[in-house]
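Here the structure is laid out as structure tokens; the discussion comes afterwards.
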């Protein structure tokens, strides 16, 4: 195999611009998915049967079907489902947040249940309302325990986001394809894309470890 | 005043409390003792509805807390509880543990809550630990913080659920001292305990539970020197 | 805890700023030509990895250029529309038409019977030859040489149909890949013995890969690229009329020379 990176060199900034696109999708989807997953997790531990049934069914469907399929359905199906077009970009964010919410809600549910039940009793005995108890007492403790798992999920999302190429979002991967097409070469742009993804994941891992260490300080 | 009338509690088929009736007067200190599994912790936890009674009534200051229309959150603000395993909030400092509920639940101004908290910490002898996290404290210190946390809500009644059972022996005394001085302030207290010496010294009345029934209800002098029931005699023989 | 939160917020902010650059770039990539208000905007779907039909000169910027883009703009100008180019993976183009994500497709797409079931096509605007591509040392010179060989084609492409036609008389194994660069790579790595690719597209690859060679696949019927529209679209006729005009006055020929004869 003879690789020639000099021809790709001028196109590297073009590929690099995909980082912004990829990160934006992943970040917004990550935050939305996380917020939604908390709601789902609370549904799951709820004593109201309908809510817990809904959350379980939701998780089951979104974990039980391929992400790329969900993405396709949301993007190409948007006129039928929502009655209007949605941009590929919005479709990607929607698909990723709905999908990751399913996974994260399971992590959070386990995290909540792992918090000592004495914490709940102490909060109740002080007359603290359910909502405040969850947001100020139980969830913060659960988050600390599940943070590494959350970070893991986020990293997976970053890599998985490459499937947005299928609906034409010009992320890192799609840009590598386009450059490959333009330059009639295959490996070089892909290797560059691979390197970018790898560096992204390494940075995320580093940020995660730093935050984790800071959280540990109160232990 | 806490008035308990024919209290029953079942866990599934298991009947843990089989009709208990008694009254705890204001400023009274009541020790609840009995063998393990006698239902004494459940009895105590019914008084702030951590356990919901199967039947019977509990009236705190004339308010029926088992009534569905009663705002139990409001009742709990007036009933402090200290747990065997402290249950301090590990992600909050000692000071935050004390101020969180008064600020959140009672809407107290932060500076006022902190002032109150520091007063209470001084009373339990832990002023210098205000900014520590709970995991930096010994068991005895944790339990004293837990007592201060409950007191920060300025409750009318304090419930203690085996407050010294999880402590190393050398730390029991410091916690009992705090409780003793609290009793001297005239706080209404219900204490589930295995500390017979403490019960004898501090309690105005001893409730002896066995097998879900209130077997004896007597002043400590009488109970410890001259118990009427055979079950109490057997129990005391083992304990003393 | 507060520190952790502010740290998190900070990193969120940083990334947000970063990505803001990303979107602003992105929005320009769509609209190929200058903005003129008052005109109706038509969205054109294409797969921008197929030079010289459509691609990005990635060293220069984000804009999608190529023969198809120029043609679309020329036709639109005649009809008083404005064109916004949207990049979609080739396999997603027809679904995008059907679901109304795009108004029309120009992507070097050949009308086939299957495709005609789902979309309408304009007249042919460009006819290309199909090349049988292989390594120089493979000694493949005629169709008969392909017997027992593995032949690669682009998934969903007209060449895939060609390969199936060939397979009816000659025993070949057909493999498909999503994109042309992958097919080229498979030939070089030896997994494909040959591939069927359009000659205009191969021109660039021949320059890059001197070890490759090819011969033209002779055809009975003339086939080529056409514009695709949603079923029943009124645009089909409008575009056909404009296309005819361009064929007659030589404008189309000029574009072909511009993009294919360099």
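The values are calculated or read from the model by the stated rules, or taken from the named source; none is laboratory data. No experiment lies behind these values; they were computed from the predicted model shown. Cβ: placed from backbone, ideal geometry, glycine included. Neighbour counts: every protein chain shown.
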Within the stretch B:61-83, the residues that are modelled with pLDDT of 95 or more and more than 8 Å from chain A (Cβ to nearest Cβ) are B:82
Among strands (runs of 3 or more DSSP E) completely within the stretch B:131-240, the ones holding 2 or more residues that are closer than 19 Å to residue A:118 by Cα are B:157-161, B:188-192
Mind checking whether some residue in the stretch C:126-148 is in a helix (DSSP H, G or I), without any contact (Cβ under 8 Å) to a residue 40 or more places away in the chain, assigned by TED's automatic domain parsing to the domain that holds residue C:229 and surrounded by fewer than 19 Cβ atoms within 10 Å (Cβ to Cβ)? no
Being touching a helix residue (DSSP H, G or I) at 6+ places or on another chain (Cβ under 7 Å), at the interface with another protein chain (Cβ under 9 Å from one of its Cβ atoms) and either crowded, with 19+ Cβ neighbours inside 10 Å or over 26 Å from residue A:152 (Cα atoms) (or both) is the requirement here; does residue A:94 meet it? no
Pairs please, first residue from the stretch B:138-153 and more than 13 Å from chain A (Cβ to nearest Cβ), second anywhere and buried (at least 23 other Cβ atoms within 10 Å of the Cβ) and in a helix (DSSP H, G or I), Cβ atoms under 8 Å, 6+ apart in sequence or on different chains. B:140/B:175; B:144/B:175
When restricted to A:15, A:28, A:8, the only residue within 12 Å of chain C (Cβ to nearest Cβ), at pLDDT 95 or above and either buried (at least 18 other Cβ atoms within 10 Å of the Cβ) or closer than 21 Å to residue A:91 by Cα (or both) is A:28
Using the structure shown, decide if residue C:88 is crowded, with 19+ Cβ neighbours inside 10 Å and in contact with a strand residue (DSSP E or B) (Cβ under 8 Å, 6 or more places away or on another chain). yes
Would you check which residues across the stretch B:100-125 are farther than 21 Å from residue A:132 by Cβ and in contact with a helix residue (DSSP H, G or I) (Cβ under 6 Å, 6 or more places away or on another chain) and list them? B:120, B:121, B:124
Restricted to the stretch C:156-173, and to residues that are exposed (fewer than 15 other Cβ atoms within 10 Å of the Cβ) and under 24 Å from the mean Cα position of the chain (by Cα), which residue is farthest from residue A:180 (Cα to Cα)? C:165
Which number in (1) at pLDDT 95 or above; (2) surrounded by fewer than 23 Cβ atoms within 10 Å (Cβ to Cβ); (3) within 25 Å of residue B:198 (Cβ to Cβ); (4) more than 11 Å from every other protein chain (Cβ to nearest Cβ) marks the one condition that residue B:45 misses? (4)
Do we have residue C:85 as more than 13 Å from the chain's Cα centre (by Cα) and either part of a helix (DSSP H, G or I) or at pLDDT 50 or above (or both) here? no
So is residue B:88 away from every other protein chain (no Cβ under 11 Å) and either surrounded by fewer than 22 Cβ atoms within 10 Å (Cβ to Cβ) or part of a loop (DSSP other than H, G, I, E, B) (or both) or not? no
In the stretch A:110-152, residue nearest to the other protein chains (Cβ to nearest Cβ) [restricted to those that are in contact with a helix residue (DSSP H, G or I) (Cβ under 6 Å, 6 or more places away or on another chain) and within 22 Å of residue A:94 (Cα to Cα)]: A:151
Per-region count, the stretch C:170-198, residues out of contact with any strand residue (DSSP E or B) (no Cβ under 9 Å at 6 or more places or on another chain) and at pLDDT below 90: 2
Return yes when residue A:76 is over 30 Å from residue C:207 (Cα atoms), modelled with pLDDT under 95 and facing chain C (nearest Cβ under 8 Å) and no when it is not. yes
What's the number of the only condition in (1) more than 12 Å from every other protein chain (Cβ to nearest Cβ); (2) more than 20 Å from residue B:105 (Cβ to Cβ) that residue A:82 fails to meet? (1)
First in the stretch A:152-164 and touching a residue at least 24 places away in the same chain (Cβ under 8 Å), second anywhere and outside any helix (DSSP H, G or I), Cβ under 8 Å, 6 or more apart: A:161/A:171; A:162/A:171; A:164/A:171
Does residue C:59 qualify as being surrounded by fewer than 20 Cβ atoms within 10 Å (Cβ to Cβ), in contact with a helix residue (DSSP H, G or I) (Cβ under 7 Å, 6 or more places away or on another chain), more than 16 Å from residue C:156 (Cα to Cα) and more than 14 Å from chain A (Cβ to nearest Cβ)? no
